[in-house]
Amino acid sequence: MSSLTEKDRPIVQLLLSTGTCPRCVLRFCCVGSQLLYRHPHQDLMKDLQEFLKNSQEKEDTVCLDAADPPCKRIRLEHSREEGADDLNLNGAVPQLPSAGRGNTAMESSAGKVCNVCLGILQEFCEADFVKKVCQKVNSADYQFTSFVFSVSLPPQLSVRESHSLPRLFQTSKEQTGLDSFFNFTVQSVFTRMAVIKALERIKEEDFLKHFPCPPSSPKNLCDALEIQCNNGAVFVAGRYNKYSRNLPQTPWIIDGERKLESSVEELISEHLMAEFKADSFNFSSSGREDVDVRTLGNGRPFAMELVNPHRIHFTAEEMKRLQQAINDSSDKIQVRDLQLVTREAIGRMKEGEEEKTKTYSALIWTDKEIQREDIAFLDDIKELKLDQKTPLRVLHRRPLAVRCRLIHTMKSEYIDEHHFRLHLKTQAGTYIKEFVHGDFGRTKPNIGSLLNRTADILELDVESVDVDWPPTLAD
Ligand SMILES: [Zn+2]
């Protein structure tokens, strides 16, 4: 046990005699070399025994670089309530064992569950458990290039480790660092925080009245309750065209009843979910269109977050094939510029949404007959300011407000005495249907008031959404 020095001797003796496992002994003696911790539990116990017998220092210069462990999340829990003998109400602090009682120390620690780590650095550091973790990773079949191995420790450890042992070392050894060498990433859970907060409030003397220092040995070993694999989310972006006037953007479900059989979101996501082998997804887009509105031109930017994907590596060629598969599966939508993007890049789709412009094409009906000259003046109107009260049709889900919007330009196209087509370039967020029919005077001015007759909208198409994201891809 070359990393230990003569001044560690009383610590080793005390810890072993109170049921601390060899790996915990090492870390509380500030042994930083990985190599030692990798030795089997039994060997370490023998080494510590040797050290107590013969505390001569040796040099240990070997350093191993082992292969990276697999991506895992392990939740450890001390399954049963600790026995009453864990709570030493008499507050008896164990006596430091006198030198020369190494054998006694050995005997009391051998085969016991560690009083500090509850066995986590015993069982769960042995090859058998590592094998179990590896098997789980392999069977979960994930693609990954880097990983985080995190362990969620039972909250009891906060009491045993962070609280009672520092006190021990304040008195028995100077400058004992308590930073564990093992890089466990502890998942914060409420119960742990509650324990830590409670510990912060307890005075040292009060704590020692109720909890022995060092802590007594538990009866049961910690259980590894769960080994979970999780991949970080990946993000896919693109643009979609919608060619159907009977297709909502997202599933249309009212009171648990589906109104239309599919949606843009579902037509795209089913392919992505299958290819990325993800658990779930989140769909977002630059604005949205009504169920009866088509989206033409270059389409509407969208992004899809794929949660816990098993497959994450796709070449540009594979993404192109995936896009083709989506496009072949339905004539209601088409997708272009499908690509993997970063989480940060998605913000670009949403930023400055209010300032963006959109162009539309509306088929308009009028009650009174029109001639070409009746509508020609619309072409000369620039930057027309509208006051739009929240439309009646969305009032059930949006607050009542009056919003100012701009119609940048208009271009009329005469069809017959009761119909014409109007091309509009507008500020994003303008309610086009309401601008045409007026929404019972809630949008002023409107096409009806401008033409001095009743107007209604028969069809609406989005011609372009002017957001230059995601990047256009070459075909
Ligand atoms: Zn231990």
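The values are calculated or read from the model by the stated rules, or taken from the named source; none is laboratory data. Only a predicted model underlies this, so the values are computations on that prediction, with no experimental measurement involved. Every residue, glycine among them, receives a Cβ derived from its backbone with ideal geometry; neighbour counts consider all protein chains shown.
Only one of the numbered conditions (1) surrounded by fewer than 17 Cβ atoms within 10 Å (Cβ to Cβ); (2) free of Cβ contacts under 8 Å to residues at least 60 places away in the same chain; (3) of a type outside the set (Phe, Trp, Tyr) is not met by Lys368, and that is (2). The number of residues in the stretch 29-47 that are part of a helix (DSSP H, G or I), modelled with pLDDT of 90 or more and hydrophobic (A, V, I, L, M, F, W, C) comes to 2.
When restricted to residues that are assigned to a loop (DSSP other than H, G, I, E, B) and within 16 Å of the ligand (Cβ to nearest atom), the stretch 118-157 contains 8. Within the stretch 20-31, residues that are touching a residue at least 40 places away in the same chain (Cβ under 8 Å) and over 13 Å from Lys46 (Cα atoms) sit with their Cβ atoms under 7 Å from residues that are of a type in the set (S, T, N, Q) and near the ligand (Cβ under 9 Å from one of its atoms), at 6+ positions apart or across chains, in these pairs: Thr20/Asn115. When residues in the stretch 390-423 are screened for being closer than 18 Å to Asp292 by Cα and surrounded by 18 or more Cβ atoms within 10 Å (Cβ to Cβ), 1 of them pass.
Listed by first and then second residue, the pairs with beta-carbon distance under 6 Å, at least 6 apart or on different chains, first residue in the stretch 431-453 and surrounded by 15 or more Cβ atoms within 10 Å (Cβ to Cβ), second among the polar types (S, T, N, Q), are Tyr431/Gln388; Glu434/Thr443; Phe435/Thr443; Phe435/Asn446; Gly438/Asn446; Thr443/Gln388; Gly448/Thr454.
Scan the stretch 49-62 and tell me whether some residue there is within 13 Å of the ligand (Cβ to nearest atom), assigned to a helix (DSSP H, G or I) and modelled with pLDDT of 50 or more. Write out each step before concluding.
We begin by selecting, within the stretch 49-62, every residue within 13 Å of the ligand (Cβ to nearest atom); these are none.
Checked the stretch 49-62: no residue is within 13 Å of the ligand (Cβ to nearest atom), assigned to a helix (DSSP H, G or I) and modelled with pLDDT of 50 or more.
Screening Asp331 on (1) touching a helix residue (DSSP H, G or I) at 6+ places or on another chain (Cβ under 6 Å); (2) in a loop (DSSP other than H, G, I, E, B); (3) not hydroxyl-bearing (Ser, Thr, Tyr) shows it passes everything except condition (1). One residue stands out among those in the stretch 16-27 that are within 9 Å of the ligand (Cβ to nearest atom), in a helix (DSSP H, G or I) and of a type outside the set (Lys, Arg): the one that is nearest to the chain's Cα centre (by Cα), which is Cys24. Candidates in the stretch 194-220 are the residues that are in contact with a Ser or Thr (Cβ under 9 Å, 6 or more places away or on another chain) and not in a helix (DSSP H, G or I); of these, the one that is surrounded by the most Cβ atoms within 10 Å (Cβ to Cβ) is Pro215.
Looking at Ile268, Ile312, Ile227 in this structure, which one is of a type in the set (Val, Ile, Thr), outside any strand (DSSP E or B) and surrounded by fewer than 21 Cβ atoms within 10 Å (Cβ to Cβ)? Exactly one residue qualifies, and that residue is Ile312.
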